[in-house]
Amino acid sequence: QVQLVESGGGLVQPGGSLTLSCVASGSIFSRYAVGWYRQAPGNQRDLVASITAGGRTNYADSVKGRFTASRDNAKNTMYLRMNSLKPEDTAVYYCNAKSPYEINYWGEGTLVTVSS
């Protein structure tokens, strides 16, 4: 069982930056693939970035070059650094952890609003 708690969301102007954090507890974090997803009103939940247990990253085309996902296994924490934010990045951001047995765990989400 894994519990995930996100933080770091908020209101930011276009072109600004935010860093989201997600702290995991309850299991061996280093063995899990982790990721960030987002869901805008009326839309489905989409993958933003993922990191395998081995550290390989993958990004949605819409955020490549602007967002950076990372993980610190010693702190059981994952991060999403978001630069050059656009209004279309506005969404609830969720962190995800997938166990080696393909069980998915989700945080409760943190709202990011990009607006002037």
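The values are calculated or read from the model by the stated rules, or taken from the named source; none is laboratory data. All values derive from a computational prediction rather than experimental measurement. For neighbour counting, all protein chains shown are included, and Cβ atoms are generated from backbone atoms with ideal geometry for every residue, glycine included. All accessible areas refer to the heavy atoms of the entire protein, side chains included, with ligands and DNA or RNA removed. Shrake-Rupley method; radii C 1.70, N 1.55, O 1.52, S 1.80 Å.
For region 11-116, the fraction of alpha-carbon pairs lying more than 19 Å apart is 39 percent, rounded to a whole number. Per residue, the solvent-accessible area of the chain (1.4 Å probe, heavy atoms of protein chains only, all protein chains present) comes to 53 Å². Considering only alpha-carbon pairs that sit under 8 angstrom and 6 or more positions apart, the relative contact order computed for the chain is 37 percent. Of the trypsin sites (Lys or Arg not before Pro) found in region 54-87, those that fall in a DSSP loop while having at most 14 other beta-carbon atoms within 10 Å are 56, 64. Using the Cβ-Cβ distance between residue 84 and residue 30 with R0 = 25 Å, the FRET efficiency computed as 1/(1 + (r/R0)^6) comes to roughly 0.25. Annotation for residue 99 and residue 17: the two label points, set 7 Å from Cα along the Cα-Cβ direction, are 3.7 nm apart.
Leaving ligands, DNA and RNA out of it, report the carbon-plus-sulfur percent of the accessible area of the chain at a 1.4 Å probe. Carbon with sulfur: 47 percent of the solvent-accessible area. Could you please state, rounded to a whole Å, how far the C-alpha centre of region 34-70 is from the C-alpha centre of region 3-18? Using only Cα atoms, the two centres lie 14 Å from each other.
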